[in-house]
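What follows is a set of notes on a single structure, which appears directly below.
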Amino acid sequence: MAVEDGSDGKRHVSISIGTIGNAKSMPTNTAITVVDGNAIIGRIARFNRRHRHTVFIVAMLVTAMPWTLLLLLRSAHHSTPISDKSKSIDNTTVNSGISGQSLGSNNEPLHQSKYVKPSNSTFSKEYSPLVDPPNSAAKIATEKLAQMQKLPPTASPRDYITRHKAIMPSSFCDSFSNADFLTSFDTLPNLVCANSVQLKDKIDPDLFSSQLNAASNYSYENLHSMFRGENDYKKKIFPHINRIKDHLINRQSTLPLKLTSMPASELNQSSSIVFSSSNEPISSNINPTSVSCGVVDDTIPQRYCDTRNIAIRLNAIPKVNDKSGLKLVPKFEQVLEGMCYLDENSWFGQGMGEGAAGWMYEGMKILNPEANSKIECDVWLNTPVFMISRWDTTNPYQFHQDAMNTFIVYSLLGLSPSQIQPIILDARHSDGPYTAAWSHIFSSSHHLIDIRQLSASAASLIPSSKSQSETQILCMRRAIWGIHGGISPMARGGRKRARCTSSPLFSAFSEFMLDRVLDSAAHESNKPLIASNLAKTAQTLSLSSTLPAWLPLPIKSTRYGLLFETTVRNLYASGHTAEAEKLAKDTIVVTYAIRKAATMHGSTEVGASFGVQFHGVDGVTAVDPVKEYIDGIEPALQRIVANENALINILYRTTEKWMHARPEKIRKVEFRAIDFAQLSFDDQMAAAHSTDLWIGPHGAAFVHLLYLRRMPFAAVLELKPPERGSSNMQFHNLAIKMDNMFSFVNIGKLVNEVQMQQVQHEVEYLLENLYDSRQS
């Protein structure tokens, strides 16, 4: 190895390397010049690709000066803005945006040289994961899942997680990604309020230090006032969380009671809204209140609650007055009432956070059965409901955080979409393109209902003899209160490169979401779906289980012409099954996610797969396709590639060149550039689910990495702008949790010539890996 500064002002590193083993027609000593830290490409890289059984060893890295070369290359890298990533030479990997190549048996390089190892990997502090061998546990698990019978439409998220935990070979995953919450004592719902005096536990001021000294008395109203409001959890509860937790655990006499299952619903649980004009009260003898809550994470206020027999004061439901439409907690008191013996230290001392659980906590008044006889009811809601206060309704990533937390709560309570109706608590100024989640994915009713519509329908059943000025009470048999989306597992660890692969939670969530869209697509030919045949939904949806796994989801939008998905489905529909299957499996689909427009305004194009959506309880307004109103000013997007058209043209030419240059016969590579913000929700998922190689600038659309096609894996190339530099690992982590390849290229406001070459280089290499994986 020789190092010298050239007359051109650039540092030149000359390395002499030799061959070991089965070298073919290669000089025994070849000089490689590394200029300004650029990747070692060219002759050696081309040779290494063509002669897969030839191994090169960089002598200085193996013997005398391993750290010298590393520091030298690092110095060269930092002395220039050029940062093209090198490929591996033998078993040495130069720092790269994706994992490098390692040696297999007999000193032969493994084919999938950049595939992050999904299980049993060894990681160094500098993040150099070993390469996944062709017969990896993750690949076997993926194939096994594809061969398994599809779960029925009545399956719950718990069923999905249980299946994936039994199959996925998760490695280095935290408790969330590994779905360990299903068996955790704290996360399971524990009674905090019930019709048993044993549960009663008055607040202990010593647990909160000076926080309660100012209270003149410890009435529910005073305690509620002290502990409610924004940031009070962080200020008044979290500093004492360990003492509170110890106190609750040490009350051994209450543990059997707290773990007692809540009373089963006497009703046949269904997602169709059913009222009864009954004036049965809530009391300790008749319809007693019970509140059961689970703490999903006690380091932040992430709590959900399952309530039975509580009352809503319809007159107190607020009008829509929040312009953003995204306020999470009501600025009013006593909109809800319950009557039960309260474990005050648990209720006040563990925190609810925001989201629907925070909404419930802020508006709830718990009445003591010893001081109150009953709560009068004017009408009862018999249908179990799931209360959701959505976070950001127009951002696909933040929508998926709401969906992920809903999926978790459903799994903890064993809920199925066929058993429950979501109720929207936010102001709905911006519904966004994802409303179908709350009418079709997490419910089978196809009804989109908010708290104000529910209130109005209930009020219409109250006898007119009752004055409008009198308090009108709706009592609910069962209401479940969800978790704020902003603290979902998808929001964790974005600044740290995760090592979690084969995540049971993420893979189960992905399958559940795709199945629900597939179920909707399966009964598409049976539209119009009207209220009278909703009872047959489960039977109709079972048609989806007969569809082959390779058949892509339908894309209804014609904005981008005749796409791969439509071509394959047309062949299949016309009876050319073998040809359709061959096209589906032989085609490598490359999707570039355009970042030009924010989430669209107005409704979707004609024919969304979700079909009819009924608005409100009575469903008088039936909309086909699902309506997606978005009001207000469209936000300006950041992180837009200034020369995106030039980039797209380069990507298209690169994929075409790669396809035609291969000596082997390959049927097709389809490249398309899609602005996902212009598509309906189901079309977004369909386009992502057919994608083998995903490319785009950092943005919320990368949440669709959840749905990429895995044959047996997909690949991701993230273009990182200056404000989302190498330290942001959000989408790297998501990609490897789904057992996909990942690479990135740092770009500026535009993609310069050198970066363009880097992008081409990575695309070619990722295509090679995808192609090779299908031959094994």
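None of the figures in this text is laboratory data; all of them are computed from the coordinates on show. All values reported here derive from a predicted model rather than from experimental measurement. Here the Cβ is made from the backbone with ideal geometry for all residues, glycine too, and neighbour counts use every protein chain on show.
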*Given H placed on each backbone N at 1.01 Å, which residues far from S290 in sequence or on other chains put an amide H within less than 5 Å of it?*
R308
*asked:* Relative contact order of the stretch 415-505, please, whole-number percent, based on alpha carbon pairs below 8 angstrom and at least 6 residues apart.
replied: 22
*Tell me, H689, H660 in order of fewest to most beta-carbon neighbours within 10 Å?*
H660, H689
*asked:* Starting from 0.36 nm per residue, how many nanometres of slack lie between R495 and N368 once their C-alpha separation is accounted for?
replied: 41.0 nm
*Pulled fully out, how much extra length does the chain show between T471 and D206, if you take 0.36 nm times their separation in residues and subtract their Cα-Cα distance?*
91.5 nm
*Along each of its three principal axes, how wide is the spread of alpha-carbon positions in the stretch 375-416, in whole angstrom units, largest first?*
42, 24, 15
*Excluding G575 itself, calculate the net charge of residues whose Cβ lies under 13 Å from the Cβ of G575, where each Lys or Arg counts +1 and each Asp or Glu counts -1.*
-1
_What does the extension gain come out to for Y652 and Q149, with contour length at 0.36 nm per residue minus their alpha carbon separation?_
177.3 nm
*Quick one: which residues, 5+ away or cross-chain, put their amide H under 5 Å from the amide H of S171? H built at 1.01 Å from N.*
T501
*asked:* Quick check: pseudo-label points 7 Å beyond the Cα along Cα→Cβ at R243 and A166, how many nm apart are they?
replied: 4.7
*asked:* Taking the number of other C-beta atoms within 10 Å as the exposure measure, put M364, M490 in order starting with the fewest.
replied: M364, M490
*Once you charge only the Cβ atoms, +1 for Lys and Arg and -1 for Asp and Glu, what is the size of the charge dipole of the stretch 329-382 about its Cα centre, to the nearest 20 debye?*
60
*asked:* Can you compute the FRET efficiency between N250 and S219 using 1/(1 + (r/R0)^6), with r the Cβ-Cβ distance and R0 = 25 Å? Round to the nearest 0.05.
replied: 0.45
*Considering only the other residues whose Cβ falls under 11 Å of the Cβ of D297, what net charge follows from Lys and Arg at +1 and Asp and Glu at -1?*
-1
*Please tell me which of these pairs span more than 32 angstrom C-alpha to C-alpha: K585/K749; K496/K668; K668/K737?*
K585/K749; K496/K668
_Hz values of 3J(HN,Hα) by residue in the stretch 140-156 - Karplus curve (6.51, -1.76, 1.60), Gly and Pro given as x_ = 4, 5, 4, 5, 5, 4, 5, 8, 6, 5, 5, 5, x, x, 8, 5, 9
*What net charge do the residues around G486 carry, taking every other residue with its C-beta under 10 Å from that of G486, with Lys and Arg at +1 and Asp and Glu at -1?*
-3
*Compare the peptides 449-461, 175-187, 297-309 by average per-residue count of other Cβ atoms within 10 angstrom and give them in order, highest first.*
297-309, 449-461, 175-187
